[in-house]
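To start, the structure itself, in structure tokens.
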Amino acid sequence: MDRMVSPPDTSKSIKLERYNSYIRRVNSTKLLNASSKLLFRATLLVALILVFLFTFNYPPLADTTHRHLHAHSHFLSSAFGAWEKQVRHSSTPRRPNGLTVLVTGAAGFVGSHCSLALKRRGDGVLGLDNFNSYYDPSLKRARQAMLAKHQVFIVEGDLNDTPLLRKLFDVVAFTHVLHLAAQAGVRYAMQNPQSYITANIAGFVNLLEVSKSANPQPSIVWASSSSVYGLNTQNPFSELHRTDQPASLYAATKKAGEEIAHTYNHIYGLSLTGLRFFTVYGPWGRPDMAYFFFTKDILQGKTIDVYETQDGKQVARDFTYIDDIVKGCLGALDTAEKSTGSGGKKRGPAQLRIYNLGNTSPVPVGNLVSILEGLLNTKAKKHVIKMPSNGDVPYTHANVSLAFRDFSYKPTTDLPTGLRKFVKWYVGYYGPHLRIKRESLLDN
């Protein structure tokens, strides 16, 4: 009989396999933990390296901002230094005992001519102008470029900018101010009245405020106007005639300027001289003036309006050539006495003057047109109309005996001669395309 075979004992094998599986899991966990730690450490090391490299190549934001601010500050300092150098250079006299003059409105008609005349004789000249758009600013820029060629620097700024004015007086000890900046024009006041208050009154007061506090105080010569005579019917106009009936807001602001000048002279000892200009004309003139736009319209074949009075008489003006006006301005500057104030306080009586600057020979506007027709070799298309009530007056005539007595003012240019010079400039400035025969300019 066969013997029965017992099954093999597998319990030991199972236990061994379980043990080995456990060991593998433990080792796997240890390896995973070790790998994680290694990866963490490697990541941390890379991060530290990146932080070090970023810090080395790029400074902190605060430091960068500081450097940018320092660079910007350095640029502004350099720019201001260059500006101040221009201001000082332009205003330094080149002749012994030369004047140091601040010319306001230096890019304007009268201002540019006076600036050039002062510079040519060796005085120091610094200009100030806001280059407003009352008429074509490109003409003002052209005057500025012309003055720059003669080493006259114009600061672009407004009379009502007090910090700017104070800075100019801090940088330069002006001996004189030739104040010619203003809102000009009689008719424009009906369109933009506020501009006359801002420029002719507020601007003038601001200039006087800064001047009174300057040390030394400058002597001031400023532009009033023949318009202050308004409805006066006495002829020729004398500085002794009444000026309390202005016919336009422009005239009223100029009359106000004369009263304001009296106040600052009386309280603060400022030396002030007002000049009443009579219808100034000539090269580099103002496009809003009749002789200027008559020339333009005649050449373009347009009709021009020629005014006559309500009773049918011709309107007449005391046309004064620019060179004569310049001589009057320089004469007033040369005879202006020093201001007597110091630190904003009056120390004694100061000079206060007012003068007419005209040609003393009124010419009917119709005669002006006839002269232009001859110079331009072109017949004007005239439209004669009654003078509207827009602030214009029918007649002006200057008595200049006071200016002749005090600084030898004597006009020497008649209207035909002055207009001939103006037309030559006009043709040269606006180009050869103009419809005009140049030989006619040489024959008249």
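The values are calculated or read from the model by the stated rules, or taken from the named source; none is laboratory data. Everything numeric in this text was worked out from a predicted model, so none of it was measured. Counting neighbours? That spans all protein chains shown, and the Cβs are built from the backbone with ideal geometry, glycine included. Calculation scope for accessible area: heavy atoms of the full protein, side chains included, ligands and nucleic acids excluded. Shrake-Rupley method; radii C 1.70, N 1.55, O 1.52, S 1.80 Å.
At-a-glance table
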| quantity | calculated |
| --- | --- |
| Amide proton proximity set for Val363, modelled H, under 5 Å, gap of 5+ | Arg317, Asp318, Phe319 |
| Amide H within-cut-off set for Glu308, under 5 Å, with H built and near neighbours excluded | Ile385, Lys386, Met387 |
| Cβ-Cβ FRET estimate between Ser370 and Arg347, R0 fixed at 51 Å, reported to 0.05 | 0.35 |
| Inter-site label distance for Glu84 and Asp244 at 7 Å from Cα along Cβ, in nm | 5.0 |
| Residue-span extension gain [Arg95 to Gln314] - 0.36 nm each, minus C-alpha spacing | 74.0 nm |
| Percent carbon-and-sulfur accessible area, segment 253-402, ignoring ligands, DNA and RNA, probe 1.4 Å | 53 |
| Ranked packing of 421-429, 404-412, most packed first, by mean Cβ within 10 Å | 421-429, 404-412 |
| Gained length - Asp392 relative to His266, 0.36 nm times residue gap less alpha-carbon distance | 42.1 nm |
| 3J(HN,Hα) from dihedral phi, segment 136-151, Karplus parametrisation 6.51/-1.76/1.60, rounded to Hz, x for glycine, proline | 2, x, 5, 5, 5, 5, 5, 5, 4, 5, 4, 5, 4, 5, 9, 6 |
